[in-house]
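Novice: My structure is below; once you've seen it, I'll send some questions.
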Amino acid sequence: MANIDLRHMKTFMVLATLQHFGKAAEHLNTAQPQLSRLLKHIEDEVGVPLVDRTTRQFKLTMAGEKFLEMARK
């Protein structure tokens with residue numbers, strides 16, 4: 001996790017709290033594709049999916065819930 005910084009953690013916390021890419025991107029004043037790339041980077045670094053996502057649903061995986069808990073600390 002050496003390549004995950006505070007900005008990544010804060011971004012993930014917003015995304016996990018809002019559970020919507022569009023709303024999170026708007027809140028963070030960024031574009032959705034950039035937010036998706038950042039999430040992919042975090043998932044690649046931790047080695048597991050943090051979010052189950054479809055076009056209609058957003059849900060944290062168990063690993064995502066644990067990562068969110070860690071990020072909040």
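Novice: I'd like the distance separating the alpha-carbon centroids of segment 54-70 and segment 1-47, in whole Å.
Specialist: Value for the Cα centre distance between the two parts: 12 Å.
Novice: Let me ask another. Starting from the Cα of Val48, step 7 Å along the direction of its Cβ; do the same at Met62; then give the gap between the two resulting points in nm.
Specialist: Rounded to a tenth, the inter-label distance reads 0.7 nm.
Novice: Here is a follow-up. Per-residue ellipticity at 222 nm for the chain, helices alone: DSSP H runs ≥ 4 residues times -39500 (n - 2.57), over residue total, nearest 500 deg cm²/dmol?
Specialist: -20000 deg cm²/dmol
Novice: In addition: Roughly speaking, to the nearest percent, how much of the chain's 1.4 Å accessible area is carbon and sulfur?
Specialist: After summing per-atom areas, the C and S share lands at 51 percent.
Novice: Per residue, how large is the accessible surface of the chain? Use a 1.4 angstrom probe and give square angstrom.
Specialist: On a per-residue basis, 69 Å².
Novice: Related question: Could you give the size of the charge dipole of the chain about its Cα centre, using +1 on the Cβ of each K and R and -1 on the Cβ of each D and E, expressed in debye and rounded to the nearest 20?
Specialist: 180
Novice: Additional query: Can you tell me the relative contact order of the chain? Whole percent, Cα pairs under 8 Å, sequence separation 6 or more.
Specialist: Reported relative contact order: 31 percent.
The values are calculated or read from the model by the stated rules, or taken from the named source; none is laboratory data. Not measured: the values here are computed from a predicted model. Neighbour counts run over all protein chains shown; Cβ positions are idealised from the backbone, glycine included. With ligands, DNA and RNA removed, areas are computed over all heavy atoms of the protein, side chains included. Shrake-Rupley method; radii C 1.70, N 1.55, O 1.52, S 1.80 Å.
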